[in-house]
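The values are calculated or read from the model by the stated rules, or taken from the named source; none is laboratory data. No experiment lies behind these values; they were computed from the predicted model shown. Methodologically, a virtual Cβ is constructed for each residue, glycine included, from the backbone with ideal geometry; neighbour enumeration extends over all protein chains shown. What goes into the accessible areas is simple: the full protein's heavy atoms, side chains included, and nothing from ligands, DNA or RNA. Shrake-Rupley method; radii C 1.70, N 1.55, O 1.52, S 1.80 Å.
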Amino acid sequence: MIEEKFKIVYSQGLQARPATKLVSKANSFQAEMYMEYNDRKVNLKSIMGVLSLGVPANSKVKISVSGSDEDDAFKAISRIITEINEMV
């Protein structure tokens, strides 16, 4: 299992557009993936779950990835979070 905290700095937080990018990428892997924020944990492959967290800008989330393709999945999710943080 790989776990790491990420800071979401995108000014809109994890609203619909960035959340959709994240969930779409998560769904392209076999690994189980979860996001935690404010002591709530949701499946990273669920758009409703991710949006229900209501992650605002400048917040830290914890991503957990486990499964046969966890290394590739974690790298891909890390790249998407970097892209989200660079959105204008």
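So here's what we get for this one:
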read-out	value
Lys pairs, region 1-71 - Cα-Cα below 12 angstrom, 8 or more residues apart or on other chains	7
Option label - Rg/Rh (Cα atoms, Kirkwood Rh) computed here, alternatives (i) 1.30; (ii) 0.92; (iii) 1.16	(ii)
Distance from region 34-88 to region 1-22 (C-alpha centre basis), Å	5 Å
Rounded tilt (10° steps) of 16-26 against the dominant C-alpha axis of the chain	10 degrees
Calculated FRET value between N58 and Q30, using beta carbons and R₀ = 30 Å, to 0.05	0.40
Using alpha-carbon coordinates, inclination of helix 70-85 to the longest axis of the chain, degrees	10 degrees
Full-stretch length increase - N43, S78 - with 0.36 nm per residue and alpha-carbon distance subtracted	11.0 nm
The chain, accessible surface, carbon-and-sulfur percent (1.4 angstrom probe)	45 percent
Accessible area per residue in Å² at 1.4 Å probe, computed on the chain	55 Å²
Longest to shortest principal axis, alpha-carbon extents of region 1-40, angstrom	30, 22, 15
